[in-house]
Amino acid sequence: MKILMLCLGNICRSPLAEGILRSKLSSDFEVDSAGTISMHEGEKADKRSIKVAANHHVDINEHRSRPITTKDFENFDRIYCMDLHNLQDALSMAKNNEQGAKVSLILDVLNSGKSNEVPDPYWGDLSDFEKVYQMLDEACNVIAKEINFNSKTI
Ligand code: 4NP
């Protein structure tokens with residue numbers, strides 16, 4: 001099972017989502033992240049994402065931003081998007097229905113009935129990053145539980 005987390009710049013939200021989910025899964029699973037824009041390509045995660053992750057014992061220091069490519073739609077089984085813009089951008093890159101079916105909003109796994117977008121914390125402060133962490137942690141608990149269950153029943 002290969003999972004890709006997607007946001008805009010691949011420096012704030014999706015590197016956090018990647019680190020959180022990886023921390024909950026064994027190394028049999030591949031977790032990566034990307035952005036819909038290449039503006040921050042090669043950069044480390046935003047300092048505030050690194051700090052908030054470290055506060056929760058998740059290390060995302062090795063992360064480097066990269067843009068999503070058409071190959072990702074072949075390589076990954078699921079592409080979890082942070083917001084509706086990312087979702088639209090990803091769907092417009094999918095070559096067929098099979099690839100499109102891999103794409104969803106990450107917070108949809110919670111079925112909370114609330115707004116299903118992870119807000120962009122880029123212009124906010126550390127408390128906004130912490131809120132994003134909590135949302136992603138909750139979603140990744142559900143994803144990890146489901147993946148582990150399915151991998152044991154196959
Ligand atoms: P991300 O946050 O999509 O969660 O990585 C942002 C990163 C960069 C920008 C906006 C959002 N930016 O405008 O450069």
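The values are calculated or read from the model by the stated rules, or taken from the named source; none is laboratory data. Nothing here was measured: the structure is a model prediction, and the numbers come from that model. Quick reminder, even Gly has a Cβ in these numbers, built from the backbone with ideal geometry, and neighbours come from all protein chains shown. The protein model used for the area step is the full one, side chains on, heavy atoms only, and it has no ligands, DNA or RNA in it. Shrake-Rupley method; radii C 1.70, N 1.55, O 1.52, S 1.80 Å.
Listed values, structure above:
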{"read-out": "Residue among Ser38, Ser27, Ser23, Ser112 that is open to solvent by 60 Å² or more (accessible area, probe 1.4 Å) and either modelled with pLDDT under 95 or aromatic (Phe, Trp, Tyr) (or both)", "value": "Ser27"}
{"read-out": "Test: residue in segment 102-111 that is without any contact (Cβ under 8 Å) to a residue 40 or more places away in the chain, touching a Cys at 6+ places or on another chain (Cβ under 9 Å) and among the small types (Gly, Ala, Ser)", "value": "yes"}
{"read-out": "Members of segment 37-65 found to be under 22 Å from Lys131 (Cα atoms) and assigned to a loop (DSSP other than H, G, I, E, B), listed by number", "value": "Lys44, Ala45, Asp46, His56, His57, Val58, Asp59, Ile60, Asn61, His63, Ser65"}
{"read-out": "Residue under evaluation Glu117, criteria (1) touching an Asp or Glu at 6+ places or on another chain (Cβ under 7 Å); (2) assigned to a helix (DSSP H, G or I); (3) open to solvent by 60 Å² or more (accessible area, probe 1.4 Å), criterion not met", "value": "(2)"}
{"read-out": "Residues (open to solvent by 70 Å² or more (accessible area, probe 1.4 Å) and within 12 Å of the ligand (Cβ to nearest atom)) located in segment 120-134", "value": "Asp120, Tyr122, Trp123"}
{"read-out": "Matching residues, segment 66-88, being out of contact with any helix residue (DSSP H, G or I) (no Cβ under 9 Å at 6 or more places or on another chain), part of a helix (DSSP H, G or I) and open to solvent by 70 Å² or more (accessible area, probe 1.4 Å)", "value": "Leu84, His85, Gln88"}
{"read-out": "Residue list for segment 27-61, restricted to those being farther than 17 Å from Leu8 by Cβ, in contact with a Ser or Thr (Cβ under 9 Å, 6 or more places away or on another chain) and of a type outside the set (A, V, I, L, M)", "value": "Asp28, Phe29, His56, His57, Asp59"}
{"read-out": "Residue match in segment 3-14 (condition: within 12 Å of the ligand (Cβ to nearest atom), within 13 Å of the chain's Cα centre (by Cα), on the phi > 0 side of the Ramachandran plot and open to solvent by less than 10 Å² (accessible area, probe 1.4 Å))", "value": "yes"}
